[in-house]
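Here's the structure, in structure tokens; my notes come after.
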Amino acid sequence: MNHKILITLIVALASLIVSCHKEENDIFSTAYITLRTPDSASITNIQAQAVVVNVNTRQATTSSQFRDSRLEVELLRGAYSVTIEGVVTVSDGMGNERIRQFRAQSDYVDLSHKTANHAELNILYLD
Amino acid sequence: MKKSYAFITAFCLLSLTNEAEASVTDTAQVEHLSLWNSLRVSESLNPALRSAMFVSSLSQLTLSMDGRKQSEAFVEEDGTGFLHTLVGVDTYLRLSDKTAVWGKASYTAGTNHDVRWRSTADYALLRPYILADTLGGDTKGECYRFAGGYGTRLGRFCLGGEMEFRAEQEYRERDPRMRGIVTDLTLRTGCAYTIGIYDIGLAVETNIYRQTNSVAFYNEDGVIPEYQLTGLGSDYTRFSGDKRSLYHDGGGTAIRLNLVPHACRGIYADLMLCEHHYERKLADFNAMPLTMLTKERAEMSLGWRQKKGGANSAVFSGVKLARHVGDENVGGEAYGGSYPTIATLSMYHYRLTDAHLGALYGRASWNVIAVGGYRTESEEYAYPLRRMEHTDAYAEVDAQCFLMQRRAVRLMLDAQAQHSTSLRSTVTMPYANMKPSFTDMIRHKERYLKADFTTLAIHLRADYDMPRTTYGLYADAGMSYTACSVGSHQTGARLAIGLCF
Amino acid sequence: MMMLAVGMTMVSCKSDDDSIPVVPVTSISLEVPANLENAVLSSASATLTNVNTQAVHTAAGDRFVKTAKGYSLNVEGLEEGTYNVEVRGHLDFTYNGIRGQKDIELRSENVKITADAPTVSLVASTFTAQGGFVISEIFFTGTSTDEGGSYSGDQYIIITNNSDMTLYADSIALLESAFLTTQKYDYTPDLMSEAFSVQACYMIPGDGKSVPVEAGKSIKIAVNAINHKESYHKSIDQSDADFEIYDESTNAKFTDPDGSAPNLDKWYCYTATVYQFHSRGFNSMAIAKMRTTKEDWLENYVYDAKYMFVFGDFSKEMTKKGIYKVPNSWILDGVNLSVESVREWNVLDASIDAGWTYCGKVDKDETRFNKSVIRKQDANGKYIDTNNSTNDFIPEATASLIK
């Protein structure tokens, strides 16, 4: 019985020592950045380059993979500054389309969650 | 695959062995300084077992000077050499056949030459999470160490406790003026139980560690960036530059199991498991935690040893496994000078596997130990991917000889030869996106990762018993030479004098 | 022995085969904005640098092939890996019936190129701010002295007419931000999308036609328009500056030398003594055409901003009083300045400057002296202005007036 207690104590102590630390190896996640127009116009097409810079590491990721008004990009989880520049085709809802130069920028966007990270940026027309 | 070569030295002066063999075991020096004790390192860390390690008492007061010089730094963070002076006392007192006490106190001061890429003390403990710059320079250091322990036997049980304390300061007296102030406290408690011819030991150790680290520039208009390194040439860019005050807080726990033959003959085995963690925090921004280094280690050894008929013999094997994980805290939006942590990512991984086989043979007045091993080490930084891996084979022979043990002047001669050869190494780095200074640093590491090392060392100690007293004087001198296949070399020397009682 | 065997099995035995797969064809597509017509790419080149091996692959312009959306280039035989991709070229186009041209320089870092993902997409941007006055150089770091110190009395700013016709610089004001780019607070009200909050406003005086500036020419505004070389031989002779910032100091111990150049009309400055640019570049700068009188501006273009000061568990609402503002619509050009190690935010709206520039990588960088930020020029000598100073400026350039 004493031997059993001793062995149990040893195993418990050993388990305590080796199991304290939990690694976080899910370091990447997908970010969805949606652009919003300042007026009531709806976005038909975006042709733009997004530069997403990690605020902590200063690593830059570039992407132009827009689908509708949304950019989908795989990133290291963290905080980012986002600059998007290009042209957007907007429709006024009466079938009138217009291509406009735009910029969207934010100094800080939290893209740190394990599952999908969503952010919205307002479009600034440059023309 | 490179072949490994073992160098065997033949130093023992066999003509003297007949005289030396007569009553060698009488001297405390022989018992305490014998190469045989290298088989007992793990059990010496269990205070209960340590209290039964030696039959004799020995105390030594020492004044020593150690120096080392490398033609090119093998490890830039350690510098190209050092000169350290130590004054200290080390004692093991057998109070009775059941009880022993031991203690140590020392003060070391010295200079480390041309330290680069390190502005934090205790590099081996805290790497890679240190503060560093590209300039470096000589550093000075002071270290106080105190240790004490007690162990006693109660029937079949042995109980013991031990404390070790280190206070250390490393600093530089010109820009960049680094300063690292360390306090390191370890408490150990152990017990052992005798079953048959074996003692089964269990020891638990706990450690508390703190370092206050800063870099100052007296020329306020002229500073250089201090980098918060995060492993393999990466840095935490957002907080690198001028965040120059840090704390490292940490500690950990270890558990040891020992199987020791009570009567110097039988199987012996050790198992050690430990986990330590060290958190690096910025002194600014409300002590923002930047990184956490978690170190897990397991060491196992198994062997058989005997002392019989004046002959010593042992065979042994061992495995060391280590795993380090570095977590980075992702800083969120700056708000009023403070940064919340929005995520923690395990970005740095380190693994070590070291397996060795060895054997010892000797008589009362001499011992020879030979060890051969295989070590593989890998470090990885997750993104952008950086990786360094290498595998080495190594061999070591150590020969020790006690001479003229019946005379007033007694000698101990020790000679060592070591060789390690790199079997394989790979390095993956995003060189195109690295700063040139960081690239140079990594290239230096890469050269030494792929290098072979050969070391020869010799050490001579002379003891003189002062007549009509229980005191003795001793003098100690040693030299070593290491050749590295990249073309650099290292020379080391040690001189010591002391009083034994 | 068993333990040793266990240990050995933990050793990873890797194959000695280190060969890297080759991607048969890597396609680089360059999209031209859909609002451009008759776009023609010339003098183009693409450079792919393997981040790990540093191997460089260059493809010349004649291999670019026109596609429906722009241009495409195929590169054969690249090893799989991570690459930095750079495409340069010259684009001629028609926009709203007007012919235009732009040198393009696109860069994408850490792009994974594999046999499964062998494409790289880049989108060209041809946005250029409307021609007019631009800030072409700001020298704020000061010069170094023989004693190893620094001297910042010789700061200056150069404003250039970037258009094709003579313009008049009357009523152009030099503005300095009220907020530091190194200290971010959530101010209420947050006016950045409408106006630039300033703590210094010095205006070029005139009746509207007093200060003509020909196309491509510049005017230099010195903080002190004197010959600084008389006191510090490594400094600059500013006695030929076009204008000077002059303050009537309220403290006899800190007076402003009144040099030979005409003084700017001081509308407002936070300091009661002598104004200088922030010598480490923590304030953003702008130029604006003031569209009202000094009296009206001082009375009606001022506000108070609140923010929360937080330190650990302590927090308190603070008020920054008397902040002057200049509507973004008046701003001709603006430049965010900061230092990477301490930068927290931009204090100019993204429509004026989406980026930032710097002299010095770290606060009090010993290498920052004698340097300025200088706007890049294209092949025709025109200053590049995309309202993004990260792209538009050369940081840490040797100050142009230092000889």
Order by neighbour count: B:Met65, B:Met434, fewest other Cβ atoms within 10 Å first, most last. B:Met65, B:Met434
Placing +1 at every Lys and Arg Cβ and -1 at every Asp and Glu Cβ, with all other atoms neutral, what dipole size does the stretch C:182-241 have around its Cα centre, in debye to the nearest 20? 240
Note down the net charge around A:Asp127, summing +1 for each Lys or Arg and -1 for each Asp or Glu among other residues with Cβ under 13 Å from its Cβ. +2
When you have a sec, figure out the Kirkwood radius of the protein assembly as shown from all distinct Cα pair distances and drop it here in Å to one decimal? 33.6
Of the convex hull drawn through the C-alpha atoms of the stretch C:257-403, the volume per residue in Å³ is 188
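How large is the translational diffusion coefficient of the stretch B:347-501 in µm² per second when you combine the Kirkwood radius over alpha carbon pairs with Stokes-Einstein at 10 °C and 1.306 mPa s?
Translational D for this selection: 83 µm²/s.
Find, to one decimal place in angstroms, the Kirkwood hydrodynamic radius of the stretch B:196-241, where the mean of 1/r is taken over every pair of different Cα atoms and then inverted.
After inverting the pairwise mean of 1/r, the radius is 15.5 Å.
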Using only C-alpha atoms and all pairs of different ones, pull out the Kirkwood radius for the stretch C:101-216 in Å with one decimal. 19.4
Which log10 I(q)/I(0) values, to two decimals, does the stretch B:425-467 give at q = 0.19, 0.21, 0.23 Å⁻¹ under the Debye formula with one point per Cα? -0.72, -0.79, -0.85
When the charge dipole of chain B is computed with +1 at the Cβ of Lys and Arg and -1 at the Cβ of Asp and Glu, the Cα pointing farthest to the positive end, of B:Gly110, B:Leu61, B:Gln211, is that of B:Leu61
Alpha-carbon gyration tensor eigenvalues x 5, square-rooted, for the stretch B:246-370, Å: 48, 13, 11
The stretch B:384-469, convex hull of Cα, quarter of hull surface, nm² -> 9.4
Could you let me know the centre-to-centre spacing of the stretch B:132-204 and the stretch B:321-388, using Cα atoms, in angstrom? 20
Tilt, helix B:436-449 to longest principal axis of chain B (alpha-carbon atoms), in degrees rounded to tens, equals 20
Report the Rg/Rh value for chain C, based on alpha-carbon coordinates and the Kirkwood definition of Rh. 1.08
Per DSSP H run of n ≥ 4, the term is -39500 (n - 2.57); total these for the protein assembly as shown, divide by its residue number, and report the mean residue ellipticity at 222 nm rounded to 500 deg cm²/dmol. -2000 deg cm²/dmol
Can you put B:His32, B:His324, B:His248 in order of Cβ neighbours within 10 angstrom, beginning with the fewest? B:His32, B:His324, B:His248
If you count, for every residue in B:341-349, the Cβ atoms of partner chains within 10 Å of its Cβ, what is the mean? 6
Percent of Cα-Cα pairs per 10 Å bin, from 0 to the last occupied bin, for the stretch A:23-125, please list those. 16, 47, 26, 9, 2, 0
Using the number of other C-beta atoms within 10 angstrom as an exposure proxy, rank B:Val204, C:Val40, B:Val41 with the fewest first. B:Val41, C:Val40, B:Val204
Three-way shape call for the stretch B:360-424 based on the alpha-carbon gyration tensor, with the a/c threshold at 1.5: prolate
Highest mean first, how do C:109-119, A:44-54, C:135-145 rank when packing is the count of other Cβ atoms within 10 Å averaged over residues? C:135-145, A:44-54, C:109-119
If amide hydrogens are placed 1.01 Å from N in the peptide plane, which non-local residues have theirs closer than 5 Å to the one on C:Lys266? C:Met203
5 Å is the cut-off here: which amide hydrogens, built 1.01 Å from N in the peptide plane, fall below it relative to A:Val55, excluding neighbours closer than 5 in sequence? A:Ala79, A:Tyr80, A:Ser81
The protein assembly as shown: antiparallel DSSP beta bridges as a percent of all, rounded to 5: 95
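Only Lys, Arg, Asp and Glu count, each charged at its Cβ (+1, +1, -1, -1), so figure out the dipole size of the stretch A:23-125 about its Cα centre, rounded to 20 debye.
260
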Given that compact globular proteins tend to follow 2.2 N^0.38 Å, what is the ratio of the alpha-carbon Rg of the stretch C:335-403 to that value? 1.15
Positive end of the charge dipole of the stretch C:21-123 (Lys, Arg +1 and Asp, Glu -1 on Cβ, about the Cα centre): tell me which of C:Val111, C:Gly89, C:His57 has its Cα farthest that way. C:Gly89
Run a plain Debye calculation on the stretch C:21-123 (Cα atoms as equal point scatterers, no solvent) and give log10 I(q)/I(0) at q = 0.18, 0.23, 0.24 Å⁻¹, rounded to two decimals, same order as the q list. -0.81, -1.19, -1.28
What fraction, in whole percent, of alpha-carbon pairs in chain B exceed 35 Å separation? 39
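Out of every Cα-Cα pair in the stretch B:441-497, what percent are more than 17 Å apart?
Pairs farther apart than 17 Å: 59 percent.
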Counting partner chain Cβ atoms within 10 Å of every residue's Cβ in C:24-34, what's the average? 2
Of the peptides B:406-412, B:289-295, B:126-132, B:269-275, how do they stack up when ordered by the mean number of other Cβ atoms within 10 Å, highest first? B:126-132, B:289-295, B:269-275, B:406-412
Positive-end residue of C:Phe133, C:Tyr71, C:Gly334, charge dipole of chain C with Cβ unit charges: C:Tyr71
So, with +1 on the Cβ of K and R and -1 on the Cβ of D and E, and no other charges, what is the size of the charge dipole of chain B about its Cα centre, to the nearest 20 debye? 1240
What does the charge add up to near B:Ala48, with Lys and Arg as +1, Asp and Glu as -1, over the other residues with Cβ less than 11 Å from its Cβ? +1
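Since every read-out is calculated from the coordinates, none of them should be taken as a lab result. Here the structure is a predicted model, which means the values were calculated and not measured. Note that we place each Cβ from the backbone using ideal geometry, even for glycine, and neighbour counts take in every protein chain shown.
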